[in-house]
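Contents: one structure, followed by commentary.
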Amino acid sequence: MRITRLVAVATAAVVASALSAAPAAAHTRTRSLAAVLAADPSGFDRTGRDFDILQAAVGAVLAAKPASPVGVLADGTQPLTAFLPTDRAFQILVADLQHTRHLPGEKKAFTAVAALGIDTVESVLLYHVVPGATITGKAARKSDGATLTTAAGGTVKVDVYGRHWKRIQLIDADRDDRNPRIVRFDINKGNKQIAHAIDRVLRPINLP
């Protein structure tokens, strides 16, 4: 769904100083992450590595609540870092919530996510956004133990591990399930809004 409403997030980000290592001049372009999502016109498909469900969720929130802070994703002048769950990440979330090992198709997964309610979907999306900071993959790999404050008001901790190849997992509020891992870095690099793909949905609450 096309996103046209531009709304800034008022929540300030609290980011460790190590995350601001890149010079500001490196992030001058203003292509928004909403534009990145909209660049894929395929819709629901069988490619679990893209962001069709996320795009639909953002569109659903803004259709129901045009003034939602989620609209910051459409304002490329506002610096932020977003962690984008892949379609497979949402499918895994739905299967987990439904206590099954069967992964639903992308359309069914989105329907299940939307059924949680617009306010819940909005809160989950904002939990994936760190406003006010453009955090590259290089900076993130040097930030083991950093705590990020999200647009939802909750926090996510950066855990860098691996001796030779630095990998990153994000420790969310849920202590029962595996933490999301970054599987693709620096989406929209060079812009004020940057993103990293993750293989699980960040959970702002502890789920059974």
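Taking into account only those residues within the range 55-84 that are touching a Ser or Thr at 6+ places or on another chain (Cβ under 8 Å) and either among the aliphatic types (A, V, I, L, M) or buried (at least 22 other Cβ atoms within 10 Å of the Cβ) (or both), which is nearest to Asp119 (Cα to Cα)? It would help to see each step written out before you state the result.
First, pick out the residues of the range 55-84 that are touching a Ser or Thr at 6+ places or on another chain (Cβ under 8 Å): 61-62, 69, 73-77, 79-81.
Those left that are additionally either among the aliphatic types (A, V, I, L, M) or buried (at least 22 other Cβ atoms within 10 Å of the Cβ) (or both): 61-62, 73-74, 80-81.
Numbers: Val61: 8, Leu62: 11, Leu73: 17, Ala74: 19, Leu80: 21, Thr81: 22 Å.
Applying the filter and picking the extreme gives Val61.
Taking the options Asp119, Asp177, name whichever one is among the charged types (D, E, K, R) and surrounded by 15 or more Cβ atoms within 10 Å (Cβ to Cβ). Before the answer, list the steps.
Numbers: Asp119 fails: surrounded by 15 or more Cβ atoms within 10 Å (Cβ to Cβ).
Exactly one of Asp119, Asp177 is among the charged types (D, E, K, R) and surrounded by 15 or more Cβ atoms within 10 Å (Cβ to Cβ), namely Asp177.
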(request) Check the range 195-202 and report whether any residue there is buried (at least 21 other Cβ atoms within 10 Å of the Cβ), in contact with an Asp or Glu (Cβ under 8 Å, 6 or more places away or on another chain) and assigned to a loop (DSSP other than H, G, I, E, B). (result) yes
(message) Quick check on this structure: which one of Tyr127, Tyr161 is in contact with a strand residue (DSSP E or B) (Cβ under 9 Å, 6 or more places away or on another chain) and either crowded, with 22+ Cβ neighbours inside 10 Å or within 29 Å of Phe44 (Cα to Cα) (or both)?
(response) Tyr127
(request) Pick out, from the range 91-173, the helices (runs of 4 or more DSSP H) lying fully within it that include 2 or more residues that are touching a Lys or Arg at 6+ places or on another chain (Cβ under 9 Å) and touching a residue at least 60 places away in the same chain (Cβ under 8 Å). (result) 118-126
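Residues that are under 26 Å from Asp176 (Cα atoms) and at pLDDT 95 or above: does the range 64-80 have at least one?
The answer is no, given that none of the residues of the range 64-80 is under 26 Å from Asp176 (Cα atoms) and at pLDDT 95 or above.
How many residues does the range 40-90 contain that are in a loop (DSSP other than H, G, I, E, B) and in contact (Cβ under 8 Å) with a residue 24 or more places away in the chain?
In the first step, residues of the range 40-90 are kept if they are in a loop (DSSP other than H, G, I, E, B); the result is 40-51, 65-68, 75-79, 86.
Okay, now just the ones that are also in contact (Cβ under 8 Å) with a residue 24 or more places away in the chain, so 44-51, 65-68, 75-79, 86.
The number of residues fulfilling the criteria is 18.
Which ones in the range 1-39 are at pLDDT 75 or above, in a loop (DSSP other than H, G, I, E, B) and not small (Gly, Ala, Ser)? Write out each step before concluding.
In the first step, residues of the range 1-39 are kept if they are at pLDDT 75 or above; the result is 26-39.
Pick out the ones that are also in a loop (DSSP other than H, G, I, E, B) and you get 27-28, 30-32, 39.
Passing the criteria: His27, Thr28, Thr30, Arg31.
Please determine, by comparing only the residues of the range 130-150 that are β-branched (Val, Ile, Thr) and within 16 Å of Pro69 (Cα to Cα), which one is surrounded by the fewest Cβ atoms within 10 Å (Cβ to Cβ). Explain how you work it out, then say what you get.
Let us first name the residues in the range 130-150 that are β-branched (Val, Ile, Thr), namely 130, 134-136, 147, 149-150.
From what is left, the residues that are within 16 Å of Pro69 (Cα to Cα) are 130, 149-150.
Numbers: Val130: 26, Thr149: 18, Thr150: 26.
Restricting to residues being β-branched (Val, Ile, Thr) and within 16 Å of Pro69 (Cα to Cα), the top hit is Thr149.
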(request) Please indicate, with yes or no, whether at least one residue in the range 143-157 is more than 13 Å from the chain's Cα centre (by Cα) and either aromatic (Phe, Trp, Tyr) or farther than 28 Å from Leu207 by Cα (or both). (result) no
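The values are calculated or read from the model by the stated rules, or taken from the named source; none is laboratory data. All values derive from a computational prediction rather than experimental measurement. Here the Cβ is made from the backbone with ideal geometry for all residues, glycine too, and neighbour counts use every protein chain on show.
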